[in-house]
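Take a look at the structure below.
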Amino acid sequence: MFRSDRLVQLIEERGLTQSELARRIGVSATAIWKLTNEPAQGSKHIHKIARELGTSVAYLMNETDDRDEGALPVPTAERLADQLDLVAVQEIDLKFGMGATELELPVTSQIRHFSRDWLRQYTHANPEKLYFAQGIGDSMEPTIKDSDLLLIDTSEQSIRIADKFYAIAFYGSGMVKRLRPSKEGVRIISDNPSVPDEIATDGELHVLGRVVGIVRKM
């Protein structure tokens with residue numbers, strides 16, 4: 001016999017609502033309400049319910065008093081990421097101007113998970129060296145557009161390849177530009193022909209990383 005009292009207790013202990021439990025296992029809130037309020041022999045979703053609540057079908061069906069006996073662990077984000085071969089990449093709220101934007105520190109971040117194979121299309125760097133940030137402005141049009149999301153590889157903090165895109169700090173401002181070493185210094189190039197180039201000499205420019213990918217909303 002299905003133990004609705006045990007279901008109610010577990011829902012409360014996990015800090016869930018009936019609606020949240022229903023959403024997680026893909027049933028209607030009414031289905032969970034019926035299990036907690038009306039006599040029933042169980043549900044065809046009992047295995048999903050037990051897994052989500054960290055217990056066993058046997059415990060919910062009153063076949064054992066040990067809620068941990070035969071319980072399957074709730075899959076964590078880390079375990080799922082490992083099974084799906086996903087890697088964590090930070091997305092920071094720092095915005096890089098394609099013109100110039102004051103660097104605001106400290107910044108906050110959140111973790112996003114991406115396919116390892118997808119990231120390898122852009123770079124083979126350690127994912128811990130990568131982050132996403134947003135570009136703003138139009139000085140790199142048409143190559144980089146306003147609000148494009150930029151994948152930045154911080155393992156590349158020197159200009160190994162000329163004319164590539166780099167995230168830089170120049171006189172306290174953060175920007176994304178093409179960089180080209182020259183006899184005079186480093187030429188800071190905008191793709192927008194209406195924006196003139198600049199020259200940075202020793203100590204004026206710091207490379208924060210190379211832009212290895214651009215993600216754009218269509």
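Numerical summary
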quantity: Odd one out for residue 57 among (1) at pLDDT below 85; (2) among the hydrophobic types (A, V, I, L, M, F, W, C); (3) open to solvent by 30 Å² or more (accessible area, probe 1.4 Å); calculated: (1)
quantity: Single residue of 9, 41 found to be modelled with pLDDT of 90 or more, more than 30 Å from residue 117 (Cβ to Cβ), surrounded by fewer than 17 Cβ atoms within 10 Å (Cβ to Cβ) and more than 33 Å from the chain's Cα centre (by Cα); calculated: 9
quantity: Checking residue 33 against (1) modelled with pLDDT of 85 or more; (2) among the hydrophobic types (A, V, I, L, M, F, W, C); (3) under 25 Å from the mean Cα position of the chain (by Cα); (4) open to solvent by 70 Å² or more (accessible area, probe 1.4 Å), the condition it does not meet; calculated: (3)
quantity: All positions within the range 156-211 that are within 23 Å of residue 132 (Cβ to Cβ) and small (Gly, Ala, Ser); calculated: 158, 167, 169, 172, 173, 174, 190, 209
quantity: Yes/no for residue 81 being within 30 Å of residue 32 (Cα to Cα), at pLDDT below 85 and either out of contact with any helix residue (DSSP H, G or I) (no Cβ under 9 Å at 6 or more places or on another chain) or of a type in the set (A, V, I, L, M, F, W, C) (or both); calculated: yes
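A quick yes/no check of all residues on (1) open to solvent by 20 Å² or more (accessible area, probe 1.4 Å); (2) more than 12 Å from residue 208 (Cα to Cα):
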position	(1), (2)
149	yes, yes
158	yes, no
164	yes, yes
168	no, no
171	yes, yes
174	no, no
181	yes, yes
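A quick yes/no check of all residues on (1) of a type outside the set (A, V, I, L, M, F, W, C); (2) modelled with pLDDT of 90 or more; (3) open to solvent by 50 Å² or more (accessible area, probe 1.4 Å):
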{"residue": "95", "(1), (2), (3)": "yes, no, yes"}
{"residue": "102", "(1), (2), (3)": "yes, no, yes"}
{"residue": "106", "(1), (2), (3)": "yes, no, yes"}
{"residue": "109", "(1), (2), (3)": "yes, no, yes"}
{"residue": "122", "(1), (2), (3)": "yes, yes, yes"}
{"residue": "134", "(1), (2), (3)": "yes, no, yes"}
{"residue": "144", "(1), (2), (3)": "no, yes, no"}
{"residue": "152", "(1), (2), (3)": "no, yes, no"}
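The values are calculated or read from the model by the stated rules, or taken from the named source; none is laboratory data. Because the structure is predicted, anything quoted here is derived from the model rather than measured. A quick note on method: Cβ atoms are made from the backbone with ideal geometry, for glycine too, and the neighbour counts reach across all protein chains shown. Just so you know, the surface numbers come from the protein's heavy atoms only, side chains and all, with ligands and any DNA or RNA stripped out. Shrake-Rupley method; radii C 1.70, N 1.55, O 1.52, S 1.80 Å.
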